[in-house]
Amino acid sequence: MEFTQEQKFYAQIVQKAWESAEFKNDLMANPIEAIEKLTGQKLNLPEGKTLVVRDQSDESVVYVNIPAAPKNSEDLELTEAELEAVSGGGTIVTTISTPTIVPTIIVLTVVPSPTFPTKDIQL
């Protein structure tokens, strides 16, 4: 599975937060400013959207993110390939912004909603 530029960039931000307490604090206090300072680029956040950063590193706590409900029932249907994978005992791993219901297993990958710069940033 190949990661998108946005997923790679998101991973770099998380890695930097793990390595630098100062960056982590700045990121939680003012995420847009911290990301723009890190990248040197303006963050393209869709109009009406807010970027929220929460520290979920406490291993004694289980965190649950409740995404928005699907807009329609078509979002819940599996493709033929997904149905075949599940019927054969496989696992479906997909990058989605809303949950996909799969018999006996739910796999979620959270995709950040802002549009991050597309060039690679070296930390």
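Rule-based calculations on the coordinates, nothing more; no lab input. Remember, it's a predicted structure, so these values are computed and weren't measured experimentally. Here the Cβ is made from the backbone with ideal geometry for all residues, glycine too, and neighbour counts use every protein chain on show.
Considering the stretch 15-31, and only residues there that are among the aliphatic types (A, V, I, L, M) and either surrounded by fewer than 14 Cβ atoms within 10 Å (Cβ to Cβ) or touching a residue at least 60 places away in the same chain (Cβ under 8 Å) (or both), the residue that is nearest to ALA68 (Cα to Cα) turns out to be ALA29. With respect to the conditions (1) surrounded by 15 or more Cβ atoms within 10 Å (Cβ to Cβ); (2) not in a helix (DSSP H, G or I), ALA68 falls short on a single one, namely (1). Filtering VAL61, VAL52 for residues that are touching a helix residue (DSSP H, G or I) at 6+ places or on another chain (Cβ under 9 Å) and exposed (fewer than 12 other Cβ atoms within 10 Å of the Cβ) leaves a single hit, VAL52. Flag set for VAL53, criterion: in a loop (DSSP other than H, G, I, E, B), hydrophobic (A, V, I, L, M, F, W, C) and within 16 Å of the chain's Cα centre (by Cα).
In the stretch 45-56, the residues that are within 19 Å of ALA21 (Cα to Cα) reach residues that are among the aliphatic types (A, V, I, L, M) and surrounded by 11 or more Cβ atoms within 10 Å (Cβ to Cβ) with C-beta atoms within less than 8 angstrom, at least six apart or across chains, in these pairs: VAL53/LEU27; VAL53/MET28; ARG54/MET28; ASP55/MET28.
Summed over the stretch 1-14, the residues that are among the aromatic types (Phe, Trp, Tyr) and in contact (Cβ under 8 Å) with a residue 60 or more places away in the chain give a count of 2.
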